[in-house]
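Report on one structure; see the data block that follows.
Each value in this text was obtained by applying a stated rule to the coordinates, not by laboratory testing. Note that the structure is a prediction, hence the values are computed from the model and not measured. Here the Cβ is made from the backbone with ideal geometry for all residues, glycine too, and neighbour counts use every protein chain on show.
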Amino acid sequence: MPLLDIESLVVEYHTLRANVKAVDRVSLSMEKGHTLGLVGESGCGKSTLGLSTIRLVPPPGKIASGHIVLGETDIINCSDEDIRKVRGKRVGYIFQDPMTSLNPVKRIGAHFVEMIHTHEPEVSEQDALKRGKDVLERLGILPERIDDFPHQFSGGMRQRVMIGLALALGPDLLIADEPTTSLDVIVEAQIIELLKELKESLKLTLILITHNIGIVAETADRVAVMYAGRIAELGQTGDLFEKPMHPYTQALLNSVPNITKKGQVLSWIPGAPPDLAEPPPGCLYHPRCPHAFDRCKKEEPLLTKCNGSQVACHLYDKR
Amino acid sequence: MSLRSYVIARILLTIPMIMLLLTFVFLVVRVLPGDPASLHFEKQVSPEMLLDFKRRLGLDKPLIVQYFEYLVGLLRGDFGKSMQDFSPVSQQIFSAFPATLELAIFSSIIMVSVGVVLGVQASRSYNSARDHSIRVFGIASYAIPVFFLGEVVIMIFAIYFHLFPAGDRIYPGMAPTGLTIGGLHWSSGLFVLDSILEGNPTKLGVSLRYLFLPSLTLGTVLCGIFIRLTRGNMLETLQLDFVTAARARGIKETTVVYGYALRNAFLPILTMMGLQFAALLAGAVLTETTFSWPGLGRYLVDRISFRDYTAIQGVVVFFGILVAMVSLAVDIIYAYLDPRIRF
Amino acid sequence: MKNEKLQGRIVVQLLPQLRNLRQRGLAGWAILIGAAIVAAMAIMTVTSPWIRPYDPIVINVGPILSPPSAQFPLGTNHLGQDMLSRVYSGGAIMFQVAVLSVIVCLVVGVPIGLFASYLGGYTDKVASLVMDSIYAFPGLVLAIAIAAMLGPGVVNMALSIAVVYVPSYFRIIRSQVLTIKELPYVEAATIMGAKSRTTLFRYILPNVIPSIVAIATINFADAVLTSAGLTFVGLGLPVSTPDWGWDLTYGRRLLPSGAWWVIAFPGLMVVLLALGFTMMGEGLSELFNPRLQK
C-alpha cells in the first residue's frame, strides 16, 4: 500500500478576477522509502501541492476536490485535531527560506521543546532538549548551540536546524519545498548530500520540490514535471533525463547549460507561463510548444502511460 | 540616540507645546468673546458691580498682565476662580478628577479587551461573514453618539432589567474610605482601589456595579480602532513564514494565534491606548453627563450652563496639560520598550 | 514643444480607483452604501418642507407625548410636535454645520499643510508645533471651550469644530507631501527647472487630493457627532429650529416617563448619518492606501 496517495487533486485560489486552479487534477502516489522529485518553474503549483498534503494551503486557496490519503488518514476530510497530529509527527516539512521560517524571538531549543511537547506532552523539558541536541549533532551542528537564537546561525546551518525540526519526531514522509533555493551553491551541495544521507539511514520517503533539475537528478528515484498546475511528465529519473518525452521536459533539460560542451548557445523557452485566470484552450503548453498541432489547441491532453512513464501530451497519445 | 537624550528631547518638545496650548486657551476664553465678565451676566448689571466683579477675578487688569498672572498661577496649581462663588477651581478639579480617572481606566479596560478579542476573531476568519460583521461593528460603534448609546444602555439594563443602577457613582454610606493605618486615612478617590484597600468586598461590589454601565458605554464607542489595529496586525503576522512553519510542525492553532501573532501586536496596542487617552477624556464629558457620574466632565458641562467662563478655562487647561503629560509618558515608555526608536 | 509634454501628466489617482467600485471588495461596497445613505438623508432634508406632514415647529398639532400611531408614525413630543416632521427636517442644522466646518478646514488646513511641509525648515517646524498642540487636545473639550465663548449659532458651531479638525488635515497632507517630495519624478521636475509653485500645484497637489477627500469625509462624520455633542451640553441652537441634536438632548428627559420615541428616531438618524460618512471615509481611505493586499 502506498504511503501517500493523491488522486485528482484540485486546489483553487479564489481571487476577485477568477478562480485560479493552482493544482488541476494531479494524481501521485508514493511508496515507502521512495524519493520523488517535483520539478517546475515558479508558479506551476508545486509548492501548493506540497502544502496540500498537510492541508496548509494559505487562503484564499482552498482544496476544491480530490483525495489525499496518508497511510490511513484522509487528509482532506479529517478533523482539525487529526491533521494537526499529522503535521510534524507523520509529515515533516522543510520550507524554502530558513531565515524567515524560524521564530526570531525563540531559541532553537525552545522550538524543539515546543514541538515535542505539542505531540508528546509527557516528555519532560530536559528530555526534549536532549533529543533536540541529538538531532543537531546528527546534522553536524554543535549541540551546545541549542540555546542560540535563529539569527545567530548562518543560512546553511539554519536550514539544517529546519531539517532537524522536521525530522525530530521521526516522520514517515519528508517534504522539502525548495530547501536550497535561498542558499549559495556550495551550501546547497552540502544540504543535498545531507538529505541523501538521511534518506538512506532513516529510510525516509522524500518529496523534493524544486525548480532546479540538477538536484533532482542525483537524489530522486522518480521525477514529476509540473506545468501550470498539471503534471506534464512522470517517470523514473534515469528514463526522464535520457529520453524526455514531453516537449516541456525536453526544453527544461535543454536550457540547463552543459559545462562540457563548448560554444553552446544558451537556450530558453519562448513565451511565458499561461495566465491561469484565463487559461488557453486545449493543452496549456501549446502556445510555447514547437511541436504543437491542431489537436493541441482544442483538446486537453490526459496523462497516459508510455514507455514505463506517464506523459500528458498528444504526441504520445495515439487515441 | 540613547534613551536619556530621547527623553530630554521629548520633554523639551513638550514645554513649548504646553505653552502654546495654554496661550491658545487663554486667547479663546479671555480674548475671543471680548469680555468674559459681561458675557457672564444675563441681565444688565451696573458698571460698578461689573468692575467689582472683574477685580475679584483679576479680569480688570491689562491682558498682558492677566496672561502672566495666569501662567504663574498655573505653576502654583491655581486654575482660577469660579465666577459663581469665587472659590478656587483647582479645588473642584482635584475633587472631581478621581471619578473621571476611574471611569477612564475601566473604560480603557473594556475598550482594549473587547477590541483585541474581536480583532483576533476577525483576523482568524478572514473575509468571512464574521470578519465583515466585526469590522462593521467596529465602524458602527464609533458612529453612535456616546450619550445616545448611554441612554439605550440605561433603558435596557437599568430600567428594564434592573441589573445595574441608572446613574451616580455610589449610594450614600457606601463610599469606600481607603487605607486606614493608626488614625490616618488615605484614599485615592478611586472607589475600586479604595474598597480593596479598605478590605471591604461589599463596597467593592457596589462600586463595580455603578462603574459597569458607563465604562461599557464609553469603552464600546471607542473600541473600533482597537479592533482594526489588532485585526490588521494579526493578519500581517499570521501570513509570515514562521507562522506557517509553526503550523507545519503541528503547533496548536491557539498557541500560534495568541503566542506568536498577538505578541507582535502588543506594542502598537499600547501606543494606541496612549493616543486614545484624549478621546477617552472627550467621551468622558458626555458619558458623565448621561450617567450623572460626578467627574470632571460633568463639572465642565455644569459650568457651561452657569456661564462660568473662568471655571471652564480652568478645566480645559487642566485637560490639556493632562493629555500632554500622558502622551509624554507614553512616548517615553514606548521608546524604552522599542529599541528601534532610540538606536 | 511646450513644457506640457516634459512635465508629464500626473494622472489623478482619484479617477481610476473610483471606477468599478462594486468590484473593489469591501471598501468599494462601503463607499457605495455610505454614499447612498448620505445622499438619501440629504435628499430627505432638502425636500422636507414638501414631504413633511406637519410643520415641525408648530406646537400641539397632536396630543402631547403620544406614542407612534397611524396619524403620527413617529409619535409626538412634549410640545405636541410631530416627530416624523421633526425627523425629516432635523438634519438641516447638522448638514450645514458639517459642510461649513469642512469648508473652513479645507480653506485653512490645506494651504497651511501644503506650504509648511513643502517649504520645510522653520515654517514647517512652527506649523507642526502649533498643529500638534491643538491636535493633542481632547476634541470635544476644545470645541466646547470655543463654542462656549462664541455663543450659539450654526457658524459658531462650525468654527469650533473646524478649529479642532484643522490639525488632522494638516498632518495627513504633511505626511503625504513629505513622501511625494522625495519621489524621483518630483526631483526630476525641479532639476528641469520647474518653479516651486509649479511643482507644488501640478505634481504634489494632485497626489494629495485623494487623502484630502478621505479625511474630509471622515471629518463630516466627526462634525456630525461633535455637533450633536455640543448641542447635548447646551451649546447648540435656540430651541425653535428642528434639530436632531436638540431632540436627542431633550428626549433624554422624557425617557423616564416612557416616551422612548422622542430620542430614539432622531438618535437613529444621527447614527445613520455618521455611519454613512464614516463608511465612505473608511472605504476611500482603504482604496487610496491599500494596506493588505491578498
* Output for segment B:1-43, where each listed residue is β-branched (Val, Ile, Thr), exposed (fewer than 13 other Cβ atoms within 10 Å of the Cβ) and either under 22 Å from the mean Cα position of the chain (by Cα) or assigned to a loop (DSSP other than H, G, I, E, B) (or both) -> B:Ile11, B:Ile15
* Any idea how many residues of segment C:243-271 are assigned to a loop (DSSP other than H, G, I, E, B) and surrounded by 24 or more Cβ atoms within 10 Å (Cβ to Cβ)? -> 1
* Structure fact -> Scanning segment B:266-284 for residues that are touching a residue at least 60 places away in the same chain (Cβ under 8 Å) and either surrounded by 23 or more Cβ atoms within 10 Å (Cβ to Cβ) or among the acidic types (Asp, Glu) (or both), the one nearest to B:Leu118 (Cα to Cα) turns out to be B:Leu280
* Just checking, how many residues over segment B:211-242 are away from chain A (no Cβ under 14 Å) and aliphatic (A, V, I, L, M)? -> 9
* To do: Run C:Ile209 past the list (1) surrounded by fewer than 20 Cβ atoms within 10 Å (Cβ to Cβ); (2) among the aliphatic types (A, V, I, L, M); (3) over 24 Å from the mean Cα position of the chain (by Cα) and report the number of the one that doesn't hold.
  => (3)
* Quick one: in segment C:107-128, which of the residues that are surrounded by fewer than 19 Cβ atoms within 10 Å (Cβ to Cβ) and among the aromatic types (Phe, Trp, Tyr) is nearest to C:Ala162 (Cα to Cα)? -> C:Phe115
* To do: Answer with yes or no whether B:Tyr260 is over 19 Å from the mean Cα position of the chain (by Cα), assigned to a helix (DSSP H, G or I), within 10 Å of another protein chain (Cβ to nearest Cβ) and aromatic (Phe, Trp, Tyr).
  => yes
* Has segment B:207-227 got any residue that is surrounded by fewer than 24 Cβ atoms within 10 Å (Cβ to Cβ) and without any contact (Cβ under 8 Å) to a residue 24 or more places away in the chain? -> yes
* **Members of segment B:278-303 that are assigned to a helix (DSSP H, G or I), closer than 17 Å to B:Ser207 by Cα and touching an Asp or Glu at 6+ places or on another chain (Cβ under 8 Å)** => B:Phe291
* Considering only strands (runs of 3 or more DSSP E) fully contained in segment A:32-119, which possess at least 3 residues that are in contact (Cβ under 8 Å) with a residue 40 or more places away in the chain and more than 9 Å from chain B (Cβ to nearest Cβ)? -> A:35-39, A:61-70
* To do: Can you work out which of the residues in segment A:1-31 that are in contact with a Gly (Cβ under 7 Å, 6 or more places away or on another chain) and within 14 Å of chain C (Cβ to nearest Cβ) is surrounded by the fewest Cβ atoms within 10 Å (Cβ to Cβ)?
  => A:Leu16
* Scanning for something farther than 25 Å from A:Leu303 by Cβ and surrounded by fewer than 24 Cβ atoms within 10 Å (Cβ to Cβ), does segment A:46-56 turn up at least one residue? -> yes
* **The one condition in (1) touching a residue at least 60 places away in the same chain (Cβ under 8 Å); (2) within 11 Å of another protein chain (Cβ to nearest Cβ); (3) closer than 27 Å to B:Gly138 by Cβ that C:Leu235 fails to fulfil** => (3)
* Residue by residue through segment B:124-162, note down the ones that are more than 30 Å from C:Arg253 (Cα to Cα), part of a helix (DSSP H, G or I) and at the interface with chain C (Cβ under 10 Å from one of its Cβ atoms). => B:Asp131, B:His132, B:Arg135, B:Val136
* Asked: Looking at segment C:124-133, which of its residues are aliphatic (A, V, I, L, M) and more than 7 Å from chain B (Cβ to nearest Cβ)?
  -> C:Val126, C:Ala127, C:Met131
* Cβ-Cβ below 7 Å, separation at least six or inter-chain, first residue in segment B:6-24 and under 19 Å from B:Ile333 (Cβ atoms), second surrounded by 14 or more Cβ atoms within 10 Å (Cβ to Cβ) and of a type in the set (Asp, Glu): which pairs? -> B:Arg10/B:Asp331; B:Met17/C:Asp132
* To do: Please find, within segment C:24-60, the residue that is surrounded by the fewest Cβ atoms within 10 Å (Cβ to Cβ) out of those that are of a type in the set (Ser, Thr, Tyr) and within 17 Å of C:Met269 (Cβ to Cβ).
  => C:Thr47
* Selected residue [within 14 Å of another protein chain (Cβ to nearest Cβ), touching a Leu at 6+ places or on another chain (Cβ under 8 Å) and of a type outside the set (A, V, I, L, M, F, W, C)] from C:Pro138, C:Pro210, C:Pro167 -> C:Pro138
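Here is a yes/no grid of residues against (1) touching a helix residue (DSSP H, G or I) at 6+ places or on another chain (Cβ under 9 Å); (2) under 18 Å from B:Arg135 (Cα atoms); (3) more than 11 Å from chain B (Cβ to nearest Cβ):
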residue	(1), (2), (3)
C:Asn219	yes, no, yes
C:Leu225	yes, no, no
C:Tyr250	yes, no, yes
C:Val271	yes, yes, no
C:Leu275	yes, yes, no
C:Glu282	yes, yes, no
* From the list A:Glu193, A:Glu188, A:Glu200, A:Glu178, pick out the single residue that is free of Cβ contacts under 8 Å to residues at least 60 places away in the same chain and closer than 21 Å to A:Met30 by Cα. => A:Glu200
